[in-house]
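Chemist: Provided herewith is a single structure, encoded as structure tokens, for subsequent inquiry.
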Amino acid sequence: PIPSEWLSDPVLSRTEPLVLQILANRGFKTAAEVSDFLFPDFSAVIKAVGLKDMDKLVERLSRALNGHEKIVVYHDYDVDGICGCTIMVENLRRMGGDVEFYANDRLVDGFGMCPNGVEQIMKRWPETRVILTVDNGIVAFDGVEAANKLGVDVLITDHHEPGAALPSAYAVVDARRKDETYPFRDFCGAGLALKAMSALARRLRRDVSEVCRSADMAALAAVADVVPLHGENRTIVHEGTRVLTNGDRPAIRALNTVKNVARVTAHGTVAFTYAPMINAVSRMGQDTRQVINFLMEPDEGKCRKTALWLDEVNEQRKAETAREEDISQKMLAEENNPDPECIVLYNDSFKEGIVGIVAGRLKNRYNVPVIVFAPREPGLIKASARSVPGLNLIETLMMLPEYTVKCGGHAAAAGLTIQKADFDAFKD
């Protein structure tokens, strides 16, 4: 039944009873929870504090800005990492920062901050004093150690599951830390970036409303990364979709023109138009710097040219995805197992940037966990994995240390590398 306190609440009493019934069925307990869900207050998200190490991160960034130190944002190459990087770079530069950004080549270094990435940063920007990660870093022990040896402070913001210990960074902000007491834990990387930049703006006594203009990027990332849309995430997406609809960002206006978007929606436009086009860049081996520069570009004419290029790259990605999905279906047919408990596939022709999409589609079709491998460097193969409710993927994979060369992710999605020679044993 609908709780009586909801019906007596001055706001909720005017809400459609069917909506209240649905929320009661979903497990909402208090009138405050329902009000927060139906009428999100974005200012409350921006003002909320308490994440561990956020004060240390903000203090170090403040010192870097005041001392004109070089800051490099080390981001992941997917939508979440790209949008989170955009949030950090545009706001740090607006605050006077000397800021650059870097991402791994996924075909060379794969996911996460690594020693080679630190080496590349120092070659390009030898004056770097701070590396600020977004959407990666929580298991980057070697990468952080490499930076520490060079006297570079590492500030980690990530939302992936940590291991038993944390890297020895100057600050580690991750709501999934084992010792975290913050009430909300389901941020994406860009959501944490938005909170970090708002906290920095307050410390510097800057106008926080400037940071709020970046809510469009946090909303795009939250939808693309399929984080749960409740609590602060729902509020971020609610506000960010409003900013996207306003068309304040020239890059978004250009995408809308190229794709004939008349009305922006989170479940439609963001999930099935913007996100695939941005993700396609790294999946097809292209440089993600072009996307971040595009998202920050004030010239709408230049934006339109890049939007057309993004559309072309995404069409190439669609063709490759269809090819790999067709091969996967033929491989499953040959296995002659109509009711698999899980699906584990490898093919020499698969591309590392595409197997995550294939894994997701197979998971949706068969409703079982799916792991799809592609060739990596000699002797190794790398997979994207997708899970179903009830099986925590990253916990399961961490129970197989004898096989995994490298592994990271969260409950619903993960990436891993194994020896090619171990494939059959791993599949068993």
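Chemist: Solvent-accessible area of Val405, probe 1.4 Å, all protein chains present, reported in Å² to the nearest ten, please.
Modeler: Ignoring ligands and nucleic acids, Val405 comes out at about 80 Å².
Chemist: Quick one: dipole size for the chain, taken about the Cα centre, charges +1 on Lys/Arg Cβ and -1 on Asp/Glu Cβ, in debye to the nearest 20.
Modeler: The calculation lands at about 1000 debye.
Chemist: Would the chain count as rounded, prolate or oblate if I go by the C-alpha gyration tensor, calling it rounded below 1.5 in a/c and otherwise prolate when a/b exceeds b/c, oblate otherwise?
Modeler: Numbers: a/c = 1.38, a/b = 1.10, b/c = 1.26.
Because its axes are fairly even, with a/c under 1.5, the chain counts as rounded.
Chemist: Using a Förster distance of 60 Å, how high is the FRET efficiency between Ala44 and Asn336, based on the Cβ-Cβ distance and rounded to 0.05?
Modeler: 0.65
Chemist: Can you compute the helix-only [θ] at 222 nm over the chain? Use -39500 (n - 2.57) per DSSP H run of at least 4 residues, normalise by all residues, nearest 500 deg cm²/dmol.
Modeler: -14500 deg cm²/dmol
Chemist: Over the range 1-132, with every protein chain in place, what whole percent of the accessible area is carbon and sulfur at 1.4 Å, could you tell me?
Modeler: Summing carbon and sulfur atoms, their accessible area is 54 percent of the total for the range 1-132.
Chemist: Search the structure for amide H atoms under 5 Å from the amide H of Val173, placed 1.01 Å from N in the peptide plane, and list their residues when 5 or more places away or on another chain.
Modeler: Sorted by chain and number, the residues that satisfy this are Ile156, Thr157, Asp158.
Chemist: Using a 1.4 Å probe and ignoring any ligands, DNA or RNA, find the accessible area of Phe42 and quote it in Å² to the nearest 10.
Modeler: Per-residue accessible area (Phe42): approximately 20 Å².
Chemist: While we're here: Can you tell me the length gained on complete extension of the stretch Leu380 to Arg93, counting 0.36 nm per residue apart and subtracting the Cα distance? Write down the numbers at each step before the final one.
Modeler: Numbers: separation 287, 0.36 × 287 = 103.32 nm, distance 4.01 nm.
Stretched fully, the Leu380-Arg93 segment lengthens by 99.3 nm.
Chemist: Name the residue, out of Pro375, Pro340, Pro162, whose mean-square fluctuation peaks in a Gaussian network model built on the chain with Cα pairs under 10 Å.
Modeler: With Cα springs under 10 Å in the chain, the top fluctuation among Pro375, Pro340, Pro162 is at Pro340.
Chemist: Within the range 353-395, name every residue whose backbone N is under 17 Å away from a label modeled 7 Å from Cα of Leu107 along the Cβ vector.
Modeler: Once the point is set 7 Å along Cα→Cβ of Leu107, 353-356, 374-383 turn out to lie under 17 Å by backbone N, inside the range 353-395.
Chemist: Compute the FRET efficiency between Asn260 and His68 as 1/(1 + (r/R0)^6), taking r as their Cβ-Cβ distance and R0 = 51 Å, and round to the nearest 0.05.
Modeler: 0.70
Chemist: Oh, and also: With the chain treated as a Gaussian network of Cα nodes joined by springs under 10 Å, which of Gly247, Gly112, Gly67 yields the largest mean-square fluctuation?
Modeler: Gly67
Chemist: In addition: Expected output is a single nm value to one decimal: the length gained when fully extending between Arg202 and Lys178, i.e. 0.36 nm times separation in residues minus the C-alpha distance. What is it? Can you show the working numbers first?
Modeler: Details: separation 24, 0.36 × 24 = 8.64 nm, distance 2.72 nm.
In short, 5.9 nm is gained.
Chemist: Okay, moving on. Sorted by average packing, counted as other Cβ atoms within 10 angstrom per residue and highest first, what order do 222-228, 56-62 take?
Modeler: Peptide ranking by packing, descending: 222-228, 56-62.
Chemist: Only Cα pairs under 8 Å and at least 6 apart count here; give the relative contact order of the chain as a rounded whole percent.
Modeler: Over the chain, the number comes to 12 percent.
Chemist: Could I ask something else about it? Starting from the Cα gyration tensor of the range 258-301, take the square roots of the eigenvalues, sort them a ≥ b ≥ c, and report rounded, prolate or oblate (rounded when a/c is under 1.5, otherwise prolate if a/b is larger than b/c, else oblate).
Modeler: Verdict is oblate for the range 258-301.
Chemist: Could I ask something else about it? Taking 0.36 nm per residue of sequence separation and subtracting the Cα-Cα distance, how much length would be gained by fully extending the chain between Asn364 and Ala319, in nm to one decimal?
Modeler: 14.2 nm
Chemist: Label the range 143-238 by shape, choosing from rounded, prolate and oblate, from the square roots a ≥ b ≥ c of the eigenvalues of the Cα gyration tensor; if a/c is under 1.5 it is rounded, and otherwise prolate applies when a/b is larger than b/c, oblate when it is not.
Modeler: oblate
Chemist: Between Asp424 and Ala24, take the C-beta separation as r, use R0 = 45 Å, and let me know the FRET efficiency to the nearest 0.05.
Modeler: Values: r = 50 Å, r/R0 = 1.10.
Once the sixth-power term is evaluated, E becomes 0.35.
Chemist: Given an 8 Å cut-off on Cα distances and at least 6 residues of separation, report the relative contact order of the range 196-314 as a percent.
Modeler: The value is 25 percent.
The values are calculated or read from the model by the stated rules, or taken from the named source; none is laboratory data. As the structure is a prediction and not an experimental result, all values here were calculated from the model. So basically every Cβ, Gly included, is an ideal-geometry build from the backbone, and we count neighbours across all protein chains shown. Protein only, heavy atoms only, side chains kept; ligands, DNA and RNA dropped before computing areas. Shrake-Rupley method; radii C 1.70, N 1.55, O 1.52, S 1.80 Å.
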